[in-house]
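Everything on this sheet refers to the single structure shown next.
The values are calculated or read from the model by the stated rules, or taken from the named source; none is laboratory data. Just so it is clear, the structure is predicted and the values come from calculations on it, not from any experiment. Every residue, glycine as well, gets a Cβ built from its backbone with ideal geometry; the counts of neighbours run over all protein chains shown. In case anyone asks, the SASA skips ligands and DNA or RNA and just uses the protein heavy atoms, side chains included. Shrake-Rupley method; radii C 1.70, N 1.55, O 1.52, S 1.80 Å.
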Amino acid sequence: MDRVPILKIGDILLVSIQVDLQDHIALALQEDLGDKIVATSARGVLIDISALEIVDSFIGRMLSTIASISRVLDAETVVVGMRPAVAITLVELGLSLGGVRTALDVDRGMAMLAASTEVRDDELEPDEHGAIDTVSAPGD
Amino acid sequence: MADAAVDKGWATLLRRNGDEVVARWSEAAAQSLEGRMTRAELERDVREMYDALVAGVGEGDRHTLADASFAELRALLADVSHTRARQGFSSTETAVGVFALKEAMLGVLEEHGDLAAYRSFADFSRLIDELGLYMLEVYAQAREAVIGEQADALLELSTPVVKLWDGIISLPLVGTLDSARTQVVMEKLLQALVDTGSEHAIIDITGVPAVDTQVAQHLLKTVQAARLLGAECIISGIRPQIAQTVVALGIEFGDISTKASLSEALLAALRKQGTDVVRRTGRRDR
Amino acid sequence: MPTPVVVESGEIHEIHTDADVVRVRQAARTLALSAKLSLVDQTKLVTAASELARNTLVYGGGGRATVEVVRLGPRRGVRAVFVDEGPGIPDLDLALTDGWTSGSGMGLGLSGARRLVDEFEVSTDVGTGTTVSVVKWTR
């Protein structure tokens, strides 16, 4: 049935939520993303919520869970484009989305992911180990 | 009408001499409202009030405005008071419309009344006083509302968000921060972050006279909301006495960065952004 | 004398599925717009409605929501009432505590919703059900 599409751009997965999410669709997205991170060895997940008019505790929990799952799978999650009214409401609701990184828009989110990927690659690049970042995606 | 023979008080008089009462009432009210509204408007208001009053007056002469039968009259009076308050009428000008009915009734009494009617005038007068007080009460509430709206408008004006640098905006706060004001401030700041695509905001509280637990709470919420958008806030302009109260009250600013002055905050924001500020040597000392 | 609350318009929605929760959210938004709530207040009301509708579905086993535009003197607002015939809440004080949850949520449903609105009332009886009523007024 209706699922939220996940796009792959380089080693980043982009999710743009464009509809008022029903709870089961949110849960499906959470699972799909986990599968897709493993399948594509993605390094980052970008979730664009600029079209969302509200984020309640359920969606908030979904975002936190996605961030935790992707961290376990060695990918960074950045949530971008939250509307000001949504942010104010979330704070009042008592939800701070701990563990979720945020950016103003998709561009900045991409830059943020690129920067943190670089840092990690630097850490992993001592000469004696030779090349380590050849990511071969399993066949489609 | 049923007990017309028994009931000779003001209520009967009022009901029987409708046109005359309305005419005299309008006349009396016009004297103080001259120029504020047209005669036609005034007569329409008076006619409406008269109809509602008569509709609410049952048998007998003793009534109070709280009677259930006066619901329509109350609504009408509230409506009139509201309109007057919004149009800038004074409280006297608002209430005089009802008080003029007393004068009108006295006139009618002289023409048609008997002893019984005169005796009941005290009851009538009491009721009219109630109407007047009720109007004044509603009038005061309406004025409060107008003042509230003006305060809101002032709030909008008094919260400018300024761009300090590419990607850095500042919000100089002046005056006391209460919960209503903070909400406006928060909204403006967050919207400005999104509109300008800025990742840094400096909230300068040099002009805030005191920081108590509540103000601190509001500041923290603003900073948290900004983070959810993907922006960082620095709080600057913390005067020594404010630092002391903050510590004395045991307020935790957590991991929010604070700076003593706006310029230091700007420098910190520039650094985080990756912009270096370098003073050229040798050129200034000529 | 207190001015009575006047109901200007309203709708009733049954809550039995996920999709119904979304429908209640949308109804709350439409009415919040027509009551001229500010954008932030709209968002707060819709979020609270979403939390409470989900509570009705998950904990109350379904029920119904009444969403209406109300007026009190010069102020307008939106009222949302959620009714279920579920098991009720045995310890209301506990349920209103942050972080407490009997289900899978973050435990912010009831207490969080309360912070987002101007008026909040719960009446609950174990075995008979729960009614939650909230109002958000224009400022």
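Among (1) modelled with pLDDT under 85; (2) of a type outside the set (A, V, I, L, M, F, W, C); (3) open to solvent by 90 Å² or more (accessible area, probe 1.4 Å), there is one condition B:Asp114 misses while meeting the rest; what is its number? (3) is the only condition that B:Asp114 fails. Among the criteria (1) open to solvent by 10 Å² or more (accessible area, probe 1.4 Å); (2) within 10 Å of chain A (Cβ to nearest Cβ); (3) at pLDDT 95 or above, the one C:Thr43 does not fulfil is (1). Within the range C:11-46, being touching a residue at least 60 places away in the same chain (Cβ under 8 Å) and not β-branched (Val, Ile, Thr) holds for C:Ala32, C:Ala35, C:Lys36, C:Leu37, C:Ser38, C:Asp41, C:Lys44, C:Leu45. If you go through the range B:211-238 and keep only what is over 14 Å from B:Thr182 (Cβ atoms) and more than 14 Å from chain A (Cβ to nearest Cβ), you end up with B:Ile234, B:Ser236, B:Gly237, B:Ile238.
One line per residue, one yes/no per condition, for (1) within 26 Å of A:Met112 (Cα to Cα); (2) open to solvent by 100 Å² or more (accessible area, probe 1.4 Å); (3) not assigned by TED's automatic domain parsing to the domain that holds B:His218:
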site	(1), (2), (3)
B:Gln241	no, yes, no
B:Ile251	no, no, no
B:Ile256	yes, no, no
B:Leu262	no, no, no
B:Leu266	yes, no, no
B:Arg279	no, yes, yes
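Do the conditions hold for C:Glu51, that is, is it farther than 26 Å from B:Ala145 by Cα and without any contact (Cβ under 8 Å) to a residue 60 or more places away in the chain? Spelling it out, it is not the case that C:Glu51 is farther than 26 Å from B:Ala145 by Cα and without any contact (Cβ under 8 Å) to a residue 60 or more places away in the chain. The residue that is most open to solvent (accessible area, probe 1.4 Å), among those in the range B:185-203 that are facing chain A (nearest Cβ under 7 Å) and more than 14 Å from B:Ala225 (Cβ to Cβ), is B:Glu199. With the requirement that a residue be in a helix (DSSP H, G or I) and either under 19 Å from C:Thr30 (Cα atoms) or basic (Lys, Arg) (or both), what does the range C:53-84 give you? Hits for the range C:53-84 are C:Ala53, C:Arg54. Within the range B:228-242, the set of residues being polar (S, T, N, Q) and either touching a residue at least 12 places away in the same chain (Cβ under 8 Å) or assigned to a strand (DSSP E or B) (or both) comprises just one member, B:Ser236. Of all residues in the range C:46-93, those being touching a Gly at 6+ places or on another chain (Cβ under 9 Å), facing another protein chain (nearest Cβ under 10 Å) and open to solvent by 40 Å² or more (accessible area, probe 1.4 Å) number 1. Among the conditions (1) closer than 21 Å to A:Ile88 by Cα; (2) hydrophobic (A, V, I, L, M, F, W, C); (3) touching a helix residue (DSSP H, G or I) at 6+ places or on another chain (Cβ under 7 Å), B:Leu220 misses just one, which is (3). Residues in the range C:2-32 that are in a helix (DSSP H, G or I), more than 10 Å from every other protein chain (Cβ to nearest Cβ) and over 13 Å from A:Ala85 (Cβ atoms): C:Val24, C:Ala27, C:Thr30, C:Leu31.
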